[in-house]
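Comments concern the structure below.
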Amino acid sequence: MNVNHDVTEGEARQQAIRECQKDKCDYLFIIDSIVHVDHPDTLIELISYNRTVVAPMLLRPGQPWSNFWGDYTDEGFYQRSADYMDFVNYNKMFEIEFFLSR
């Protein structure tokens, strides 16, 4: 797949997942086109956690927003968890209920 293929970002992501599963790859790193990774060791650090799924926390500078959901409602909608600001402002690994790709 390349830039000349007429697919959405979501379709390309799903194709990458399918190919990774087919090839039994050890790792798959996907980020959306609007995401900017500031730290050059991000991928190495994520792999070092030795988890099935890991995701970097994406923040909007100066705003209490992240791609992590600490909690959600019974209907599956976002609900701020009591410790949300703790993990948005702290640099460590947390177990969360849900994360968004952006």
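Nothing in this text is a laboratory measurement; each read-out follows from the coordinates by a stated rule. All figures in this text were calculated on a predicted structure; none of them were measured in a lab. A quick note on method: Cβ atoms are made from the backbone with ideal geometry, for glycine too, and the neighbour counts reach across all protein chains shown.
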Seminar exercise, completed: Packing-ranked peptide list from 67-75, 31-39, highest mean Cβ count within 10 angstrom first, is 67-75, 31-39
For this session: Quick one: net charge around ILE47, please, counting Lys, Arg +1 and Asp, Glu -1 for every other residue with C-beta under 11 Å from its C-beta.
Result: -2
Seminar exercise, completed: When TYR27, TYR84 are arranged by how many other beta-carbons sit within 10 Å of their Cβ, fewest first, they go TYR27, TYR84
